[in-house]
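Asker: I'd like to ask you about the structure that follows.
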Amino acid sequence: MTNNVKFQVHDLDLYYGDFQALKKINMEILKNQITAFIGPSGCGKSTFLKTINRMNDLVEGVRIDGQIHMDGIDIYKDIDVINLRSRVGMVFQQPNPFPMSIYDNVAYGPRIHGIKKKSQLDEIVEKSLRQAAIWDEVKDKLKKNAQAVSGGQQQRICIARTLAVEPEVILMDEPTSALDPISTLKIEDLAEELKDKYTIIIVTHNMQQASRISDKTAFFLHGEVVEYGETSQIFNNPKEQKTEDYITGRFG
Amino acid sequence: MIKDAIGKIALYVASSLSVMTLVIIIGFVFVKGLPGINFDFLTRQWQDKTTFVNVTLQNTEDTDLSDSYIPSIRAYVEHSEESFTIIKLKDGSSLEKAKNLKNETYEVKKKDMITKIDSTNVKDMSMEEFSEQMNSVASQGITRLKVTRPGGGIQPMLISTLYIILLSLAIAAPVGILSALYLTEYAKKGKILGVIQFAIQMLAGIPSIIYGLFGMLVFVQLLKMQYSILAGALTLSILLLPTIISTTSESLKAIPKGYRESSLGLGATKLQTNFRVVLPNALPGILVAIILSIGRIVGESAALIWTAGTIAQVPSALTGNTASAATLTTKLYQLLKEEGDVASACSIAVVIIVLIWILNLLSKWITKRFTVKE
Amino acid sequence: MTRHIFMQELRELNQHVIRMGSLLEQSMNDVIVALERLDADLANQIIKRDDAIDELEHQIEKECIAIIAKQQPLASDLRKVTSIMKIVTDIERIADHCADISEYIILLSQQSDGVAPKNLKEMVNTMKGMVIETIDSFVEVDLEKANQVIAKDDIVDNYFASISDELTQIMLEKKEAIPASVSYLMIIKYLERMADHATNIAEWIEYIITGKMIE
């Protein structure tokens, strides 16, 4: 059982200046599963997601107590942040491909990590785009500007860009909130497929989405994890009244 | 209703006034200046240049039906007031191999004027006399001619302006761009950053004559650069920095946060992110900043008069005596102030206006080209 | 409070279930009276009422499907809506059995030599109690009452065993009483089935409340 644990979060507190955004988070996130974080805006779910690849380091005045262990390694002490981020990739809310060609977007990560050989880059680009289920749609226009394709395609290109670095974990911060329903379902299918190889953590405002694709769900409120458990249990029979109120829409 | 009407009339009057002013100014400048613009005006030196040259003349049997052909120098000449102007050279003319007194080759060209043959002044000669004189000296071999190359062109100012543009940008662009990068991407937000930004805004508002004063005191005198293009370019660099920094900062700030996050999220360092994603995306803005800077340099006079000097020559060094150079605008200023030559000044003004117009078009084109998605 | 329309729809759904329950309660009362007096007219009324209950069942099922499609209920809402779909089926079955019993009452009213089993009245009363408690536990969201219903299933089963023994005895002793006794036997069988359905309903109510499904 312990072998399956990817992240072990222990008593994590996070402060933005005087404001405590996360309070004593304790959680185990399992390998090859999709874990969903739900909760109202400002509940800390995105903040917590960003502590996992240390994106919060970029925010001024941030202070973090407690530990997050990835495969037993303290990610705030025993690993270089650059290394961590290449192992823990991230897909953002807005599809944000760089304004360069589709090829260059996907090759960006490998290039910064020192891969220069054309044949090797070609291989990685194709493999990543295939994994992101968009190869067939873009294989004839790899030199085209990545911002010229549709939003859903852009988001899958962004996922391919993340996959090109060969991460172990993919963090998704509301990856479909800017997409139409069909594109959304495509991304969800993709997440399902990817979980065989990767550990996926997804923040979503869309509860149906969390219930559709995730194995485990954590409900955040006011910086705390109110409830964390099997998705079917959370959506069918939550233990906490606050969770119940939130997912049945009786919130606030 | 009456209020509306008054308001409308005020609007029309104000806008037609400004259009009229523009038309009058541009019209005046073009009417006065345009006739003076021709190929010679753009390519000639500003001052007449008189040189003594040694030529080896040969007597040949070569003849031409034309009276204006002088066989010994294989050239057609034309009698003008005080001299004989070469209007055409035949191939193999010895004038092409003329040497100056330092024994360097000084090619005598079309439109150069011959004013003396050895010590004989040609001023009062007729065409026949000139031809005879040339043929008679031909037998002695080497002959010394006094040749005057006519000036009246703005070529040195064009070249000096170009030099100053390149030099100023070579200093101001990297410093400005990197400062902007530091201020937007690295500097911690707080009082110090506020002070720096305030200082930059203030610098942008200072009249350029004050920069000129500073440049003269520091670069020209203290650092002993004398009136030189380097002193001028350094002064202009300082003047340009605020514009470059603020324009670049604005375009850096306009880059979506997502680009930086994505790049960092892929394991890129901050430096990699800045040079591979942030700066390339700010390029259109930076280009516009540079083009606006070029415009500013072309139009600048006050900061240059006391730093780069007003001599109409192509500078041959960065500092010192031979480095003093007038740009188009400083020359224009000097022409009006010291020589009262309105016609030439207007011709220069036309050139400046056209240059600025081209630069504006260029910056508009770049903005359009890069802001519209493909 | 958010989701006004959804809340309104849930309230209406609840009301309709309660109305179905009260119709059933009425039939149950009538069954007791009709059985005691062997009143064919009353029995006919019960049969007629069954149609109304059937119609209500269909209406509630449609409402549930509409709510699932439009509102995507989750957690307790989801349990409530899905359980109601099951509950109305059981209520409808109980009502069916009331109608079935009524047909035997009509038959009994024409069979003169019948001997009513001694404990039949107690059995019907217990059954009526179960139905009332089931409806109450649904209305009041009362876990205890639901548990009481489940416990009473055994009592009804016991009555079924003892009364069928009694009827066997009657048939052995008195040949003329056999046709009527067969009718009584059918009636208690139906009563026993009704108790099972009531137990099912009680179990769904427990699921609504606790989220745990009784295996």
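The values are calculated or read from the model by the stated rules, or taken from the named source; none is laboratory data. Being a predicted model, the structure only gives us computed values, none of them experimental. Neighbour counts run over all protein chains shown; Cβ positions are idealised from the backbone, glycine included. Protein only, heavy atoms only, side chains kept; ligands, DNA and RNA dropped before computing areas. Shrake-Rupley method; radii C 1.70, N 1.55, O 1.52, S 1.80 Å.
Asker: For residue A:239, indicate whether it is more than 14 Å from chain C (Cβ to nearest Cβ) and surrounded by fewer than 17 Cβ atoms within 10 Å (Cβ to Cβ).
Answerer: no
Asker: Determine if segment B:45-59 includes at least one residue that is open to solvent by less than 70 Å² (accessible area, probe 1.4 Å) and under 29 Å from the mean Cα position of the chain (by Cα).
Answerer: So far as segment B:45-59 goes, yes, one or more of its residues are open to solvent by less than 70 Å² (accessible area, probe 1.4 Å) and under 29 Å from the mean Cα position of the chain (by Cα).
Asker: I'd like to know if segment A:188-196 contains one or more residues that are open to solvent by less than 30 Å² (accessible area, probe 1.4 Å), under 19 Å from residue A:102 (Cβ atoms) and within 14 Å of another protein chain (Cβ to nearest Cβ).
Answerer: Within segment A:188-196, not a single residue is open to solvent by less than 30 Å² (accessible area, probe 1.4 Å), under 19 Å from residue A:102 (Cβ atoms) and within 14 Å of another protein chain (Cβ to nearest Cβ).
Asker: Also: Applying the selection to segment B:244-302, what residues are among the hydroxyl-bearing types (Ser, Thr, Tyr) and within 14 Å of another protein chain (Cβ to nearest Cβ)?
Answerer: B:251, B:259, B:262, B:263, B:269, B:273, listed by residue number.
Asker: Given the residues C:184, C:207, which is the only one that is touching a Lys or Arg at 6+ places or on another chain (Cβ under 7 Å) and open to solvent by less than 40 Å² (accessible area, probe 1.4 Å)?
Answerer: Exactly one of C:184, C:207 is touching a Lys or Arg at 6+ places or on another chain (Cβ under 7 Å) and open to solvent by less than 40 Å² (accessible area, probe 1.4 Å), namely C:207.
Asker: Out of C:86, C:118, I need the residue that is surrounded by fewer than 17 Cβ atoms within 10 Å (Cβ to Cβ), on the phi < 0 side of the Ramachandran plot, charged (D, E, K, R) and over 17 Å from the mean Cα position of the chain (by Cα). Which one?
Answerer: None of the other options fit; the residue is C:118.
Asker: Can you name every residue in segment A:125-145 that is within 21 Å of the chain's Cα centre (by Cα) and either within 14 Å of another protein chain (Cβ to nearest Cβ) or surrounded by 18 or more Cβ atoms within 10 Å (Cβ to Cβ) (or both)?
Answerer: A:125, A:128, A:129, A:131, A:132, A:134
Asker: Let me ask something else. For segment B:329-374: of the residues being more than 14 Å from every other protein chain (Cβ to nearest Cβ) and among the charged types (D, E, K, R), which is farthest from residue B:151 (Cα to Cα)?
Answerer: Out of the qualifying residues, it is B:368.
Asker: Further, regarding this structure: In segment C:52-76, how many residues are basic (Lys, Arg) and not in a helix (DSSP H, G or I)?
Answerer: 0
Asker: While we're on this one: Give the residue, chosen from C:54, C:50, C:41, that is under 24 Å from residue C:124 (Cβ atoms) and either within 12 Å of chain A (Cβ to nearest Cβ) or open to solvent by 60 Å² or more (accessible area, probe 1.4 Å) (or both).
Answerer: On inspection, the qualifying residue turns out to be C:41.
Asker: Can you tell me which residue among B:353, B:348 is in the same structural domain as residue B:301 (by TED's automatic domain parsing) and open to solvent by 30 Å² or more (accessible area, probe 1.4 Å)?
Answerer: Testing whether each residue is in the same structural domain as residue B:301 (by TED's automatic domain parsing) and open to solvent by 30 Å² or more (accessible area, probe 1.4 Å) leaves just B:353.
Asker: Follow-up. Here is a list of conditions, (1) part of a helix (DSSP H, G or I); (2) in contact with a helix residue (DSSP H, G or I) (Cβ under 7 Å, 6 or more places away or on another chain); (3) in contact (Cβ under 8 Å) with a residue 40 or more places away in the chain, and residue B:131 meets all of them except one; can you say which number that is?
Answerer: Checking residue B:131 against (1) part of a helix (DSSP H, G or I); (2) in contact with a helix residue (DSSP H, G or I) (Cβ under 7 Å, 6 or more places away or on another chain); (3) in contact (Cβ under 8 Å) with a residue 40 or more places away in the chain, the one that fails is (2).
Listed here are the residues, each with its yes/no results for (1) within 12 Å of the chain's Cα centre (by Cα); (2) within 14 Å of chain B (Cβ to nearest Cβ); (3) among the polar types (S, T, N, Q).
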residue: A:35; (1), (2), (3): yes, no, yes
residue: A:43; (1), (2), (3): no, no, no
residue: A:48; (1), (2), (3): yes, no, no
residue: A:52; (1), (2), (3): yes, yes, no
residue: A:60; (1), (2), (3): no, yes, no
residue: A:79; (1), (2), (3): no, yes, no
residue: A:84; (1), (2), (3): no, yes, no
residue: A:92; (1), (2), (3): yes, yes, no
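Asker: Looking only at helices (runs of 4 or more DSSP H) that lie completely in segment B:226-313, which have at least 1 residues being open to solvent by less than 40 Å² (accessible area, probe 1.4 Å) and β-branched (Val, Ile, Thr)?
Answerer: B:229-253, B:270-273, B:279-299, B:302-305
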